[in-house]
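A.B. asks: Handing you a structure now.
The values are calculated or read from the model by the stated rules, or taken from the named source; none is laboratory data. Everything quoted here is computed from the prediction, not taken from an experiment. Don't worry about glycine lacking a Cβ; one is built from the backbone with ideal geometry, like all the others, and counts go over all protein chains shown.
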Amino acid sequence: MYGDARYEIEDTSTGGDDTLTGGTGDDDLYGDAPVVAATATAGSDTFVFDTATDFGDDIIHDAGIGGVEDTLQFEGVASIAALDAAGTVVDDGTDVVATITATGASVTIEGIGIAAGVGGIDSFAELDATAEVAVVTIP
């Protein structure tokens, strides 16, 4: 699915493998299928995940592109602390993988990992503190 913010896209995918590509402005991209590859060029984009469902293993290729912070919105959880209790975050030095334990669903944010040996992002709270993404929860 492709869109541009001047049309204020909100694409919702159901079933199958989907690729969601946003335009140059602020886009909201929803995917529920396994292996969703989300690409949003420029703008402050929002990637929405429902923690109550197995949203698959999603990949965000360009978080924070152009110095603009993107948003990871996790629905079905009351706070970032509750999200930390419900999942894990692993930084491999290149990418960061956030997983919801109950469903096994994950989202990989490519290219925002901290170099090996420097520490790393190991919680949703630390992920929220990065310049590339903000983490938002919706009960």
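A.B. asks: Please enumerate the residues belonging to the stretch 42-59 that are crowded, with 17+ Cβ neighbours inside 10 Å and of a type outside the set (A, V, I, L, M, F, W, C).
C.D. replies: G43, D45, T46, D50, T51, G56, D58, listed by residue number.
A.B. asks: Here is a further query. Identify all residues within the stretch 57-80 that are outside any strand (DSSP E or B), closer than 17 Å to V96 by Cβ and not acidic (D, E); write none if there are none.
C.D. replies: Initial filter on the stretch 57-80 (outside any strand (DSSP E or B)): 61-69, 76-80.
From what is left, the residues that are closer than 17 Å to V96 by Cβ are 61-65, 69, 80.
Of everything in the stretch 57-80, those that are outside any strand (DSSP E or B), closer than 17 Å to V96 by Cβ and not acidic (D, E) turn out to be H61, A63, G64, I65, I80.
A.B. asks: Next question, about the same structure. Quick check on my filter: what residues within the stretch 43-75 are out of contact with any strand residue (DSSP E or B) (no Cβ under 6 Å at 6 or more places or on another chain) and either of a type in the set (V, I, T) or within 15 Å of F124 (Cβ to Cβ) (or both)?
C.D. replies: T53, I65, V68
A.B. asks: Now for a separate question. Quick one: which of G119, G56 is under 15 Å from the mean Cα position of the chain (by Cα) and over 19 Å from A134 (Cβ atoms)?
C.D. replies: Selected residue: G56, the only one of G119, G56 that is under 15 Å from the mean Cα position of the chain (by Cα) and over 19 Å from A134 (Cβ atoms).
A.B. asks: Does T24 satisfy being of a type in the set (S, T, Y) and modelled with pLDDT under 65?
C.D. replies: yes
A.B. asks: Give me a count of the residues in the stretch 60-76 that are crowded, with 22+ Cβ neighbours inside 10 Å and closer than 12 Å to V136 by Cα.
C.D. replies: Of the residues in the stretch 60-76, 3 are crowded, with 22+ Cβ neighbours inside 10 Å and closer than 12 Å to V136 by Cα.
Each row is one residue, and each column tells you yes or no for (1) β-branched (V, I, T); (2) modelled with pLDDT under 85; (3) under 17 Å from V136 (Cβ atoms); (4) in a strand (DSSP E or B).
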residue: L83; (1), (2), (3), (4): no, no, yes, no
residue: V90; (1), (2), (3), (4): yes, no, no, yes
residue: T94; (1), (2), (3), (4): yes, no, no, no
residue: T103; (1), (2), (3), (4): yes, no, no, no
